[in-house]
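Report on the following structure.
Since every read-out is calculated from the coordinates, none of them should be taken as a lab result. Since this is a predicted model, take the numbers as computed values, not measurements. Quick reminder, even Gly has a Cβ in these numbers, built from the backbone with ideal geometry, and neighbours come from all protein chains shown.
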Amino acid sequence: MGIFDEIDFNKFPTHFREDAVREEIVMPLLNALGYSRFDEVNKIISGYRLKHPYVIIGANKEKTAIIPDYIIQKV
């Protein structure tokens, strides 16, 4: 039995948006792979701001930071 056996990917509701995909599909997949927010070895980190020196927009360089949905860390 697979973790997505109960999901009919052809019949997503119209209100099924990115946040629902993260919680209903991505998080169960990460958990099935052995990652957890509470595991110090196979850890899921969310809401962490990654620093990047700059992004180029046109001819200008602007400082930026990126906040990914999830970072998975294996120690």
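Observations on the structure shown:
- Largest first and in whole Å, the equivalent-ellipsoid semi-axes of the chain read 30, 20, 8, each the square root of five times a Cα gyration tensor eigenvalue.
- Here the extension length gained between Ile67 and Glu40 equals 7.6 nm, from 0.36 nm per residue of separation less the Cα-Cα distance.
- Separation of region 59-75 and region 33-57, taken as the distance between their Cα centroids, equals 9 angstrom.
- Maximal additional length on extending the Ala59-Ala32 stretch stands at 5.3 nm, based on 0.36 nm per residue less the C-alpha distance.
- GNM flexibility winner over the chain from Glu18, Glu62, Glu40 (Cα, springs under 10 Å): Glu62
- Neighbourhood charge, 12 Å Cβ-Cβ cut-off, centred on Glu18 and excluding it, Lys, Arg +1 and Asp, Glu -1: -2
- R0 of 30 Å, Cβ-Cβ distance Asn10-Leu50: FRET efficiency to nearest 0.05: 0.30
- Share, in percent, of DSSP beta bridges within region 18-74 that are antiparallel, nearest 5: 90
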